[in-house]
Amino acid sequence: MCVPAGVAFVVAVTLAVPAASSGARRDVIVFVRQDPQARGINAGVDLWTIAAVGGRARRLVGGQGWDETPAWSPDGNRIAFARSVLAPGDPDVALTGDVWTAAADGRGRRNLTRDGGSTSPVWSPDGRRIAFARGDGVLVVRRDGSGKKRLVRRDDPGTPSWSPDGGRVAFTVPGELRIVGASGRGERRLARGAESFWPSAWSPDGSRLAFTGKRTIEGIFVVPGRGGSPRLLARDFVEPAWSPDGRLVAIVRQGTKREAGLFLVEPRGGRPRRLTRGLDTQPAWSPDGRRLVFRRGLLTGDIHVVGVEGRGLRNLTRTPRLDERDPAWRPH
């Protein structure tokens, strides 16, 4: 069969262009966007998504209530988040607070808890359960909303953190880092002096936990997951985030715009290496460990990405009137 020259050229070019990988198509970041000028106390705090290379952001979940703390399921198909409805005229009083999930395109929304006061959901490694914090303890629920169970009763727990094998859940309470089995048995204290504002972070192999604490000095500490003496990793830093390969820990230095920024440190210790300079917080790793997404700003913030070598810094959102926070990279 004779193929016209023009058609042959088009075919050749098409075959020469590599197809986009499934990872590239899924390279998406979810984040919270708040409009401080929105009408009504329960308006203007929604979940949005944006491609990691930039582009136009898309609202994923919105409506009445504050939609916050988004977390991707391990397969990247659903997002868990906390929705709070505040009392009119009193932003310190939540009428409801529940854990919800939605599909990656925003459809199929489901309220999992329906009990108020629930926040900070995190998925188990197998994607079957979600752990979350409530004012009176840490609980788990199946992804369909059934089987809700209390793991531990403790006042004011911080964001829970699943061990990589799914067998344990770590959490902070004021002044302590604690751990409990996924069945609810075997609760114990791992370390004193933990600050509950920042969650602890498991190493990818499950052998250690990094946490923000204040013992004789303040900083990031590492403690064995089975118990032992905490070791200072980085003095005067907060908010650790372990890289997917376990070779680096992203940490945050607070202070002035010149002093503050993201740093990287090896788990064995050593001098932290500066990655960014600015009011940068909430670091989260890309699935391949080559980039980090983070929030930059004080009262209002934008979502940025940067390469692990400090190159390719990009502001993804550029919305000075809005506040954007809690970025999370979609798993591949």
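Residues of the range 116-128 that are open to solvent by 50 Å² or more (accessible area, probe 1.4 Å) and either out of contact with any Gly (no Cβ under 9 Å at 6 or more places or on another chain) or free of Cβ contacts under 8 Å to residues at least 24 places away in the same chain (or both): Arg128 alone.
Can you tell me which residue is farthest from Ile179 (Cα to Cα) among those in the range 129-144 that are assigned to a strand (DSSP E or B) and open to solvent by 40 Å² or more (accessible area, probe 1.4 Å)?
Of everything passing the filter in the range 129-144, Arg142 is farthest from Ile179 (Cα to Cα).
When each of Gly147, Gly158 is tested for being assigned to a loop (DSSP other than H, G, I, E, B) and surrounded by 21 or more Cβ atoms within 10 Å (Cβ to Cβ), the lone residue that passes is Gly158.
Right, Arg189: open to solvent by 40 Å² or more (accessible area, probe 1.4 Å), under 30 Å from Arg268 (Cα atoms) and part of a strand (DSSP E or B) or not? Spelling it out, Arg189 is indeed open to solvent by 40 Å² or more (accessible area, probe 1.4 Å), under 30 Å from Arg268 (Cα atoms) and part of a strand (DSSP E or B).
Scanning the range 97-115 for residues that are touching a Leu at 6+ places or on another chain (Cβ under 9 Å) and either among the β-branched types (Val, Ile, Thr) or exposed (fewer than 13 other Cβ atoms within 10 Å of the Cβ) (or both) yields Val99, Thr101, Asp105, Thr113.
Note on the range 61-82: residues that are in a strand (DSSP E or B), in contact (Cβ under 8 Å) with a residue 40 or more places away in the chain, open to solvent by 10 Å² or more (accessible area, probe 1.4 Å) and on the phi < 0 side of the Ramachandran plot total 5. Close Cβ contacts (under 6 Å, 6 or more residues apart or on different chains) running from residues in the range 168-190 that are of a type in the set (S, T, N, Q) to residues that are open to solvent by less than 30 Å² (accessible area, probe 1.4 Å) comprise Thr172/Gly158; Thr172/Ala194. Number of residues in the range 161-172 that are touching a Pro at 6+ places or on another chain (Cβ under 9 Å) and assigned to a loop (DSSP other than H, G, I, E, B) equals 4. Could you tell me whether Val265 is open to solvent by less than 20 Å² (accessible area, probe 1.4 Å), touching a residue at least 12 places away in the same chain (Cβ under 8 Å) and over 19 Å from the mean Cα position of the chain (by Cα)? In short, yes.
The values are calculated or read from the model by the stated rules, or taken from the named source; none is laboratory data. Remember, predicted model here, so these are calculated numbers, not experimental data. Note that each Cβ is placed from the backbone with ideal geometry, even for glycine, and that neighbours are counted across all protein chains shown. To get the accessible areas, we keep the full protein, side chains included, count just its heavy atoms, and leave off ligands, DNA and RNA. Shrake-Rupley method; radii C 1.70, N 1.55, O 1.52, S 1.80 Å.
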